[in-house]
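Laboratory data are not the source of any read-out in this text; all were calculated from the coordinates shown. The structure displayed is predicted, hence computed values, not measured ones. Glycine gets a Cβ as well: all are built from the backbone with ideal geometry, and neighbour counts include every protein chain shown.
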Amino acid sequence: MLRSDAFASIASPIVILLVWEMLVRVQLLDARFFPTPSSVIVELVSMIRSGEIFVHIAWTVSRVAIGTLLGAIPGLVFGVLLGLSPVLRTFIQPAISALYPIPKIALFPLVMMIFGIGDASKWVIVAIAVFFQVFFSTLAGVVNIDKIYLDVASNFKASRWQTYWTIAIPGALPFIFTGLQLGLGMALIVVVIAENFGTQVGVGYIIWQSWQVFEVRNMYVGLIVVAFLGYCFQLLLQRLQRAVIPWKKDGGT
């Protein structure tokens, strides 16, 4: 069963690419918008050989990494604080919930006005996108901790810091990792759009620049790289989750 599942997971994208290639070659798909996968692969290999693609990947990954740290840490802290304090939760959560539905990329013009068009604005918009995912996931994890554990900590006169580090954060870890997974997905979305402004490096820049000059194959190369980065981020998080909370095998909550 496992072998058949593995075969299907590998075979299905190959079949899709072969069908795509065939449809373009028999002119059932417009090659202007849907270039053959083989031509996209040729372009990707060319960018790999020149080293150009690695420069763009490095810039995008660095922006995602810095922005994720800037957003995840406050999201974790606020999630734990509000999860353990009904008073803070009542006072602060409505404001955060009101801001959450705003499309994060819609804030980017304001962010650029404040932080400029350089990398700082890209870090901030990624941080904003990640913050909400980590905050709400952490909050849900802490709120769902069995109250008996908090009662035990109170009976043993545990300090607030001890409660945070030995009960709240460990108990919410599965939720926190889910928030990080969602946050990294959002980070890639916003950074690809943000890299259209004030930079000439990054995977998002490849996509937008290719669109401007109608280099469709390069655009598909950028999309493939974004998908690959997202897949790698998820694999890394799943490995980290298995190491930190080995009783969770499926990478979910």
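Results, tabulated for the structure shown:
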| quantity | calculated |
| --- | --- |
| Cα pair count fraction exceeding 30 Å, expressed as % - segment 36-244 | 33 |
| Cβ-based exposure ranking for Lys147, Lys122, in which fewest neighbours within 10 Å come first | Lys147, Lys122 |
| The chain, relative contact order in percent, only Cα pairs under 8 angstrom and at least six apart counted | 23 |
| Sequence of Glu21, Glu43 once ranked by neighbouring C-beta atoms within 10 Å, starting from the fewest | Glu21, Glu43 |
| 5 angstrom amide H check on Glu215, placed H, neighbours 5+ away | none |
| Dipole moment magnitude, nearest 20 debye, the chain about Cα centre, only Lys, Arg, Asp, Glu C-beta charged | 540 |
| Residue order, fewest to most beta carbons within 10 Å, for Leu76, Leu28 | Leu28, Leu76 |
| Square roots of 5 times each gyration tensor eigenvalue, C-alpha, segment 1-100, largest first, Å | 45, 21, 16 |
